Amino acid sequence: MPDDDPPLLAVEDLHTTFYTDKEDIHAVQNVSFDIEAGETVGIVGESGSGKSVTARSIMGLIESPGRIQPGSSIRFKGEELTGKSEKEYRKIRGSGIAMIFQDPLTSLNPVYTVGNQIKEALRLHQGLRGKEATEAGIEVLEAVSIPDPRRRMREYPHQFSGGMRQRAIIAMALACDPDLLICDEPTTALDVTIQAQILELLEEIQEERGLSIMFITHDMGVMAQIADRVNVMYAGEIVEKAAVEDLYNSPRHPYTQGLLESIPGRNVGKERLSTIEGDVPTPNAVATSCQFAPRCPEAFEACDRIHPSMVEAEGYGRDHTAACLLYPEDLSEADRIDHHRERETPVEEREPTEDPR
Amino acid sequence: MHEEPTTITERIAANPRPALVWLAVFLALFALEAGALIQGVIVLVERIIVLLPTEAGLSAVTGAKQAAAEIPTLISREVIPNYGYRTPDGAWVNTFPENLPYVDSGLEPKWAWLIRNVLAFGYAAALLGWILHGYNVFRREYREADWTPRDDALGRFRRHTWGKAGFVVVFLFITMAVFAPTLGPTTVDRNIVQPYSYELTYLNEETGELDTVTVGTANTESRSAGAGDQNFGPWSYDNYDRFHPFGTLPQGTDLYTFMASGARVSLFIGLLSIAISGTLAATFAMISAYYKGLVDLALVVTGDSIMSIPQLLLLILLSAVFAGHWLGEIYSGGLLLALIFGFSTWPFLWRAVRGPALQVSTEEWVDAARSYGQTPRKTMTKHMLPYVIGYLMVYASLFIGGIIITTSALSFLGGGLGVNSPTPEWGRAIAAGQDYVATQSWHVALIPGVLIVLVVTGFNAFGDGIRDAIDPESEAGEGETEIVGGGAG
């Protein structure tokens, strides 16, 4: 990849905090990743790991009491998005970045026909009205393989099946003609066969229109099918990033290893499927140690003291990094600890924390 | 597949017959009363011009008013008159249908009055029925969608007996208010405001001759003032052959005329104040639900501050401040009252709809609208407001009852509060009849009292009906119990 060309989306040190009455939740911490034009970047992680907050931060949809911390940077086509006013942000939303939400049941307003809502997007982004808008709406419904689109335009969301509804929502996003499509668990609420169809549809659309897709899911299987590159998130941080084959063939971070070991299809013949014990902790303080250490089978004493940073964790190929004290593998344990300690954020910049255990 | 027409105009052009039939009948119905409507509008313009510092245009408006009076209107006291007098030989002159050509004897005033009232209420019912029919025609012939969520809400309301009963009462009340000038056996101006400027002819029973007397003098002879005094109860004639459907007031004025006109004042105050407070409540609910955080907090503090002001004290204070001011003169304080209610009631309404507004703001379709760059204003009006408007209607119908009853209570108290004389207001009729409740003149306080209770109950029942109609679960719940019952059996 040529370096002089800025990526379509560059997220750097994204830190989003929710200031609730009880505590501050650092839902996303130091998250950095790029999305190039035409590629699909996946974000995978358990519930509560900060995937959706990352997506909403990019869309500028973080509501009070949440706030994107200063120092965070989100650049879309080289343009800084953080700190933009609502009005400026509206120009990016839809035509630049569009988003598909998890639940196709509630993403469409039940009191308007599907056609009405698609036409709303068309009018907003392409200035189409009346008959023109109807024709264009029928076209996008056709593009997402909805049969009999002319009739479907006049129907209400409840008259659509779950899969059809998700297609209609994708059609709405396409009506905005975006460069980047953020899919926030678009297949979670659907059954497996429909899931496969939707994934196929997304791939088709990407090929036709040269879209970039940021795909969020907790399902490692879905991720393997759609993503080019994958970021694994845990408790608000990215713990491993790699190209999809590298990640599945040689996961480096113990968390990723644990995730892959708990997929039934990959572990045929095992008597019991292994699981990761415990829960994702709530990130109510800026991390000063490895967040995964309490659940990690390979944790050692230093894991509770030092916050690991992203380092080279080469398995098969390039650009494979992990945030774990076990890497870089070629150094001795003491050197690795020093390596990570050096790259740690200075202590005085951090807020005091309690022992996570 | 053949091309289907897409816009409503195209659909009507493709199949114009039902729309044209509906429109023709509607225009015919409208033409019957067009004169009254045009006159009403002109009178309103005239009132506004009188308030302005310059007199410019007043003469033109007066001319237009005279011209409008010439437009024939079916249900008017000119077409179906009930004033008039008896000749010594017993025939009625000047009452309906004596005013028509080739008819030389009129009906008794009470029948003339009754015919006019039946026609007015019948007309209103026919108009409402035709408009509902129009909606059905639209739904059957022209609507793009086979089904909309509103269909279910209407269906649920149609099965809601209590709500329908409320609707009927509200409808009758509104008809009474709208047709007030036509309904009364006499007019407010002639009977109450300037009784000494008008004269009437009557048959003097003692001399057996026709005499003339001012309305004011006749009124003093027609008082309903309790035991030992005169009394003209409901459905009776006074000594001047004037008919009083509800009897007379202690001042001798006609109670039915007073009530019909009072209904107009009550409805005006109720609707205007609910329109003001409803608009404010809906706007603020949208804003606080969309922006949340500090904006919401600021509105909560503002709303709570206004709610903490005792409304009665505020009313007394403002009534005193605006006494003699032109704002306090309109409708004898009615407009001022409506404004005070409007601007002091909104926090209560807003509090009631803020919850639903916050709820709908968390729906994914609102996020979806924002995520494709919809403007805040459009997101609020298109994707949030429809959800809140049902709740607003429920609370508005409950509050309108409250406002009507408070207005009457203030007028009952009198002393510059509420709506002052000479503008009729139901509460003042109750106050006037207060001393005669236990006498033969019981009707003076009882009829307005019963009507207020009926109207307020009607509005509440209507609100109940709307609430159940907009709640899709109101029937599902009943269905569930039935299933459970069936399983147990």
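The values are calculated or read from the model by the stated rules, or taken from the named source; none is laboratory data. Since this is a predicted model, take the numbers as computed values, not measurements. Using ideal geometry, Cβ is built from the backbone for each residue, glycine included, and neighbour counts are taken over all protein chains shown. For accessibility, only protein heavy atoms count, side chains too; no ligands or nucleic acids. Shrake-Rupley method; radii C 1.70, N 1.55, O 1.52, S 1.80 Å.
Table for the structure above
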item: Cα-based reach from B:LYS164 at 18 Å (exclusive), listing aspartates and glutamates while leaving out same-chain residues under 8 positions away; result: B:ASP151, B:ASP152, B:ASP464, B:ASP468, B:ASP471, B:GLU475
item: Exposed-site-free run, longest, chain A (rule: chymotrypsin sites (Phe, Trp or Tyr not before Pro); DSSP loop; at most 15 other C-beta within 10 Å); result: A:1-299
item: Hydrodynamic radius by Kirkwood, which averages 1/r over all alpha carbon pairs of chain B, in angstrom; result: 26.1
item: Where A:ARG154, A:ARG165 fall by accessible area, highest first, once all protein chains stay in place (1.4 Å); result: A:ARG154, A:ARG165
item: Taking all pairs of distinct alpha-carbon atoms in segment B:300-389, Kirkwood radius in angstrom; result: 15.7
item: DSSP bridge orientation in the protein assembly as shown - percent antiparallel, rounded to nearest 5; result: 70
item: P(r) of segment A:279-328 over all Cα-Cα pairs, binned every 10 Å from zero, in whole percent; result: 25, 48, 24, 2
item: DSSP H segments from chain B that extend 27 Å or more along their own axis, Cα-based, with Kyte-Doolittle mean of 1.6 or above; result: B:17-51, B:385-413
item: D_trans [Stokes-Einstein, Kirkwood Rh over alpha-carbon pairs] for segment B:265-348, 20 °C, 1.002 mPa s, µm² s⁻¹; result: 156
item: Relative contact order %, chain B, counting alpha carbon pairs below 8 Å whose residues are six or more apart; result: 15
item: Stokes-Einstein D in µm²/s, Kirkwood radius over Cα pairs - segment B:345-432 at 20 °C with 1.002 mPa s viscosity; result: 137
item: Residue-averaged [θ]222 nm for chain A, counting only DSSP H segments that reach four residues, each worth -39500 (n - 2.57); result: -9500 deg cm²/dmol
item: Quotient of Cα Rg and 2.2 N^0.38 Å for chain A, N being how many residues it contains; result: 1.05
item: Qualifying GluC sites (Glu not before Pro) in segment B:6-105, DSSP loop, other Cβ atoms within 10 Å at most 15; result: B:GLU55, B:GLU78
item: Euclidean distance of C-alpha centroids, segment B:244-270 and segment B:107-140, integer Å; result: 22
item: Over 29 Å between alpha carbons, listed pairs A:LYS22/A:LYS51; A:LYS87/A:LYS119; A:LYS91/B:LYS382; A:LYS22/A:LYS91; result: A:LYS22/A:LYS91
item: Size of segment A:214-283 as Cα extents on the principal axes (Å, biggest first); result: 34, 29, 19
item: Rounded, prolate or oblate (a/c below 1.5 giving rounded, otherwise prolate when a/b exceeds b/c) for segment A:231-343 by Cα gyration tensor; result: oblate
item: Rg/Rg_globular for segment B:103-255, with Rg_globular taken as 2.2 N^0.38 Å and Rg from C-alpha atoms; result: 1.51
item: Of the trypsin sites (Lys or Arg not before Pro) in segment A:266-300, those whose Cβ has at most 14 other Cβ within 10 Å and which sit in DSSP loop; result: A:LYS270, A:ARG272
item: In sequence order, calculated HN-Hα J values of segment A:260-274 (Karplus, 6.51, -1.76, 1.60; Hz; x Gly/Pro); result: 6, 6, 9, 8, x, x, 7, 10, 5, x, 6, 6, 10, 6, 7
item: Radius ratio Rg over Rh of the protein assembly as shown, counting only Cα atoms, Kirkwood formula for Rh; result: 1.13
item: Chain A - percent relative contact order, Cα under 8 Å, separation 6 or more; result: 19
item: Convex hull per residue volume in Å³, alpha carbons only, for segment B:78-117; result: 52
item: Loop sites in segment B:18-117: chymotrypsin sites (Phe, Trp or Tyr not before Pro), DSSP, at most 11 other Cβ within 10 Å; result: B:TYR102
item: Relative contact order computed over segment B:270-425 (Cα-Cα under 8 Å; 6+ residues apart), in percent; result: 35
item: Ranking by accessible area, most exposed first, for A:GLU207, B:GLU108 with a 1.4 Å probe; result: A:GLU207, B:GLU108
item: Within-15-Å neighbourhood charge of B:TYR331 [Cβ basis; K, R +1; D, E -1]; result: -1
item: Protein accessible area in the protein assembly as shown, 1.4 Å probe - carbon and sulfur %; result: 58
item: A:ASP304 accessible area, 1.4 Å probe, all protein chains in place, Å² to nearest 10; result: 70
item: A:MET153 accessible area, assembled protein chains, probe 1.4 Å, Å²; result: 10
item: Candidates A:LEU259, A:LEU202, A:LEU61: whichever shows maximal mean-square fluctuation once chain A is modelled as a Gaussian network with Cα springs under 10 Å; result: A:LEU61
item: Alpha-carbon Debye profile of segment A:85-241, log10 I(q)/I(0) at 0.12, 0.15, 0.19 Å⁻¹; result: -0.51, -0.80, -1.22
item: Computed over segment A:1-94, Kirkwood Rh from alpha-carbon pairs, angstrom; result: 14.1
item: Share, in percent, of DSSP beta bridges within segment A:142-294 that are antiparallel, nearest 5; result: 55
item: Given charges at Cβ of Lys, Arg, Asp, Glu: segment A:41-192 dipole, positive-most of A:ILE146, A:LEU61, A:TYR112; result: A:TYR112
item: Value at 222 nm in deg cm²/dmol, rounded to 500, when DSSP H runs of n ≥ 4 in chain B each add -39,500 (n - 2.57); result: -21000 deg cm²/dmol
item: Volume per residue that the Cα convex hull of segment B:171-301 spans, once the total is divided by residue count, Å³; result: 148
item: Summed residue charge, Cβ within 13 Å of B:ARG47's Cβ, Lys/Arg positive, Asp/Glu negative; result: -1
item: Accessible-area value, B:ASP189, 1.4 Å probe, nucleic acids and ligands omitted, Å²; result: 50
item: At least 40 Å² accessible surface lost relative to isolated chain, residues of segment B:360-384 (1.4 Å probe); result: B:GLU364, B:TRP365, B:ASP367, B:ARG370, B:SER371, B:TYR372, B:GLY373, B:GLN374, B:LYS382
item: Segment B:347-418-segment A:158-203 distance, computed between alpha-carbon centres (Å); result: 35
